[in-house]
Structure formats: structure tokens, C-alpha cells
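See below for the structure under consideration.
The values are calculated or read from the model by the stated rules, or taken from the named source; none is laboratory data. The shown structure was predicted, so the numbers you read here are calculated from the model rather than taken from an experiment. We place every Cβ from the backbone using ideal geometry, glycine too, and count neighbours over all the protein chains shown.
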């Protein structure tokens, strides 16, 4: 292998931009705008969806620009410096991200990503600044990677990308399970097409016509907000921390977090099985089931069902688009709207008879458990890929055994 500067491997290297936060019309309040990637979304994997979208006007009035499918992204600033990702779809990026579009005649884009992943520690040493470590575009352009010939690149990338293909397939399965869980709740609790509905009789209620034997309840009657404060400072050992940046949009499966040994601000503790609801900009629809005990951002509402038999119903309810829309409509603040449990606890939902509730809980919680199992599989796949990475990319390693 020979050392080649990144500039000689790419047809395009540039950063993006951020529309003015003072102009609300530059940011889309739904998912129909232009996808816009922020550096905290670079988690060493593909990026198919973004937390925020910008409008046509925001794209026009900023340095944000589109990068094509398969662009490799590098975070240039601050705590995320050196983090990587690649675009699963065309998207725009902010100014803290450098986009690398591989020249197909010189580099396989997948090999470029894996090489940067392997050489990340060296790349980060090129960052400058005392208060905040920053990589500039020149440092990235001039950074040298050990590069074999193009056929060898493709063979190595093919081996490593097989793991990422399995990861992507599991992500698709997670999404299908989520859609099934949502559809189950919608059919049974919104349209009342539950098992035995053909012979059900209905009665009037504050929510309209509901089946006989069902009750209207406030969310606060079935669940509590848990406020277990954790003060800033050093922790007693390493603890799993979930920030709002770790919680995916419209997905119950938590698939990223970090290990923390100290906290720069006050946080909240949560327990396995509790629901984490992002209260800032609730329209982002950040709702997950905690797969372990840990701590989270104070801008999270931690929700716990009062009884185990109500856990699935509570989770399904707060994950619905209707509940998220209610949280959005009742939130306070124009720039950074926040929702409040004092308001959310009065949200009305229907409670079915215990036998039907038990059947729903079994089906719903099975789907959630399968999702988290797939997340665990993906973590194993990533670890395996990363263990194989240096063996395949080492300039002094004989690759024949791997590539034959």
C-alpha cells in the first residue's frame, strides 16, 4: 500500500452550512423538507434520516448544499471531531461536517470510509485549538491514507460492508416491527377492530363511542413521571448516558448511547423498561423504551407505568403521532418549545378489559423485545467488523488469506 492524500482520492471535498436559527421559516416543522445532517448524527454508520430538515428558503439562504448518495462525512469540530458516517440518501450538511465524494476511478467510497475509521486517531491529532479541537478542510485534504490498488480496495470493502449490509437489514426489520406495533395499537385502540369486536356494543364517552366494558383514563392515572435527579460532577464509575442526540426519531428502539464517568450538568436516572420522551421540540418524535438502567438528559421526561400490566399501553400511547402532536400543540416557547408532564398527564386514552389488555401487552412487548434484540445483534456486528478492520487495512499484513 502507498500513502495517498485524501484530496487525490476525491472528486469533491467541502463543508456545508447552517441557515439562520433566527428565521423559523428556514427550518421545516415536518419531514418534507431537505434532510440536513448535523455532526452529532455521525455515529460511524449510514445516515438515512436526519433529526432536522430545512426548507427551500433555508437551503437558498445558507451555505448548506446537497451531497450525493454514498458521500463519506467527517465531523470537524468539538466533542464530535473525527466522527464518521455516510449518506444512504442525498442530503445537505452543516458547516461542522466535511463531505468527501470519492473519485470512482481512484477510490471505493466504502474503502475510504473504512480507512478513515481505522486511521481516525491519527486524523484527530491534526485538530487544532485549545478550548475546542477543530479539523479544517486543509487538514482533511492533506491527510494521507494507506491505499492499495482499486480492485483490492473493492475486495476489502466488500468483506467489511457485508457486516454493514447485515446491520442495514436488521434496521429495516426493526422498522417493520415498529410499524406492526403501531398498527396494532391503531387497530385496537383507535378503530376498535380488536379480537371479538364484531359482537361488541358501544357506549358514549368523552372520546366518542367506545366499546362497553372499556374506560376512559387520563395518562397520569396509569403512569408517573420519574424525577430521579443526578447532580453534575464525577460519577461512581462508568454509567450509560442517553442524550437527546442518541434518541432516534420515530423509533422505540434505542440504538446508541455513551459511557459517562462525569457529568457537566444535572441529569436524570432511569430504569430498564421506562419510556424516555424528548421534551424539547416534541415534534421530533423522540420516544424510546430504555433497554437498561442509566442516566439521561434533563430535557427528557422519564415515564413509568404504575402497574406492569399498563406498561405496553402507556408506551404505545405516548409513541403515537396523536400524542406527539398533542405534546407539540401544548408546548411552550417559540425557538425551543418544551412540553411538560403537568399537561401531558391529562391526555385521555382508553383502557380495555384486563383480558384484552393482557393479549395486547403480550403482542406489543414481544415486538419491542425483538427490536432490542436486533439492536444487540447490530452492536455485535459492528464490534466484529471493527476487530477485522485493522487486519484487512494493515499495510504490513498479508491480505491473501482474507481476499481469496
* To do: Go through region 185-199 and give me each residue that's farther than 23 Å from residue 250 by Cα and either assigned to a helix (DSSP H, G or I) or assigned by TED's automatic domain parsing to the domain that holds residue 256 (or both).
  => 197, 198, 199
* Considering region 320-349 alone, what residues qualify as being outside any helix (DSSP H, G or I) and buried (at least 16 other Cβ atoms within 10 Å of the Cβ)? -> 320, 330, 331, 337, 339, 345, 347, 349
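Conditions tested, residue by residue: (1) in contact with a helix residue (DSSP H, G or I) (Cβ under 9 Å, 6 or more places away or on another chain); (2) part of a helix (DSSP H, G or I); (3) buried (at least 17 other Cβ atoms within 10 Å of the Cβ); (4) in contact (Cβ under 8 Å) with a residue 12 or more places away in the chain.
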position: 216; (1), (2), (3), (4): no, no, no, yes
position: 241; (1), (2), (3), (4): no, no, yes, yes
position: 249; (1), (2), (3), (4): yes, no, no, yes
position: 256; (1), (2), (3), (4): yes, no, no, yes
position: 259; (1), (2), (3), (4): no, no, no, yes
position: 262; (1), (2), (3), (4): no, no, no, yes
position: 273; (1), (2), (3), (4): yes, no, yes, yes
* To do: Taking residue 78 as the residue in question, decide whether it is touching a residue at least 40 places away in the same chain (Cβ under 8 Å) and touching a helix residue (DSSP H, G or I) at 6+ places or on another chain (Cβ under 6 Å).
  => no
* **Flag if residue 375 is within 30 Å of residue 169 (Cβ to Cβ) and assigned by TED's automatic domain parsing to the domain that holds residue 225** => no
* **Residue satisfying condition, being closer than 25 Å to residue 191 by Cα, in the same structural domain as residue 212 (by TED's automatic domain parsing) and modelled with pLDDT under 95, within set 326, 310, 285** => 285
* Asked: Of the residues that make up region 161-184, is at least one assigned to a strand (DSSP E or B), within 26 Å of the chain's Cα centre (by Cα) and surrounded by fewer than 17 Cβ atoms within 10 Å (Cβ to Cβ)?
  -> no
* What do you reckon, is residue 224 in contact (Cβ under 8 Å) with a residue 60 or more places away in the chain and surrounded by fewer than 18 Cβ atoms within 10 Å (Cβ to Cβ)? -> yes
* Considering only residues that are crowded, with 21+ Cβ neighbours inside 10 Å and over 23 Å from residue 376 (Cα atoms), look in region 288-313 and name the one that is farthest from the chain's Cα centre (by Cα). => 313
* Asked: Is it the case that some residue within region 36-47 is crowded, with 21+ Cβ neighbours inside 10 Å, assigned to a strand (DSSP E or B), in contact (Cβ under 8 Å) with a residue 60 or more places away in the chain and touching a strand residue (DSSP E or B) at 6+ places or on another chain (Cβ under 8 Å)?
  -> yes
* Asked: Checking residue 129 against (1) surrounded by 15 or more Cβ atoms within 10 Å (Cβ to Cβ); (2) farther than 20 Å from residue 47 by Cα, which test does it fail?
  -> (1)
* Answer from 154, 141 - the residue that is touching a residue at least 12 places away in the same chain (Cβ under 8 Å), farther than 30 Å from residue 361 by Cα, touching a helix residue (DSSP H, G or I) at 6+ places or on another chain (Cβ under 7 Å) and surrounded by 13 or more Cβ atoms within 10 Å (Cβ to Cβ) -> 141
